[in-house]
Amino acid sequence: DPRAVEAIADAGPLLERLGIELGAVGPRAVLVHAYPTFLLGRGVEPATFVPGLLAQIAEDGHADFESALHSVLDMMACKASVKAGDRLSPTEIDALLDLRDRIERGTACPHGRPTALRITMRDLERNFGRS
């Protein structure tokens, strides 16, 4: 999307603050000069993340810097989050739960989905045919 490529110039300071450096190499092509290692470590490849990022920035238009930053950070957090089927060690689970308790908006993802559910013993018994 040429509009998304144009967003690079407007979003330069925002992208740099996030550890992302991009350069337009044509009306429909982008070169990635720098990219956060934590995203790579979670399997979030630049080829799939950057187009969505630029589309988000273009969609936000001329939102104030703080709003745009939160929007992009939400997107990054969602892409790099633990997904269903990911295997975590007990230590990783403890660290994740500790972090969840210490962050703002830790009870839900950026899209509003809960990060935890309360399941009572009665619910467990009912679901396993023990009621």
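No value in this document is a laboratory result; all are computed from the given coordinates. What you see is a predicted model; the values in this text were computed from it and never measured. All Cβ positions, glycine included, derive from the backbone under ideal geometry; neighbour counts span all protein chains shown.
Shown here for the range 43-131: trypsin sites (Lys or Arg not before Pro) in loop regions (DSSP other than H, G, I, E, B) with at most 16 other Cβ atoms within 10 Å, namely 83, 87, 105, 118, 130.
Dipole magnitude of the range 31-79 about its Cα centre, charges +1 at Lys/Arg Cβ and -1 at Asp/Glu Cβ only, in debye to the nearest 20?
Details: 2 positive and 6 negative charges, 58 e Å.
In total the dipole reaches around 280 debye.
Highest GNM mean-square fluctuation among 61, 112, 23, for the chain modelled with Cα contacts below 10 Å: 112. Amide hydrogen proximity for residue 34: with H placed 1.01 Å from N in the peptide plane, the residues at 5 or more positions away or on another chain lying under 5 Å are 21. Put +1 on the Cβ of each Lys and Arg and -1 on the Cβ of each Asp and Glu in the range 86-131; which of 124, 109, 96 then has its Cα farthest toward the positive end of the dipole? Ranked along the dipole, the leading option is 124. Applying both filters, DSSP loop and at most 16 other Cβ atoms within 10 Å, to the GluC sites (Glu not before Pro) of the range 78-129 gives 104. Each Lys and Arg Cβ is given +1 and each Asp and Glu Cβ -1; about its Cα centre, the chain then shows a dipole of about 740 debye.
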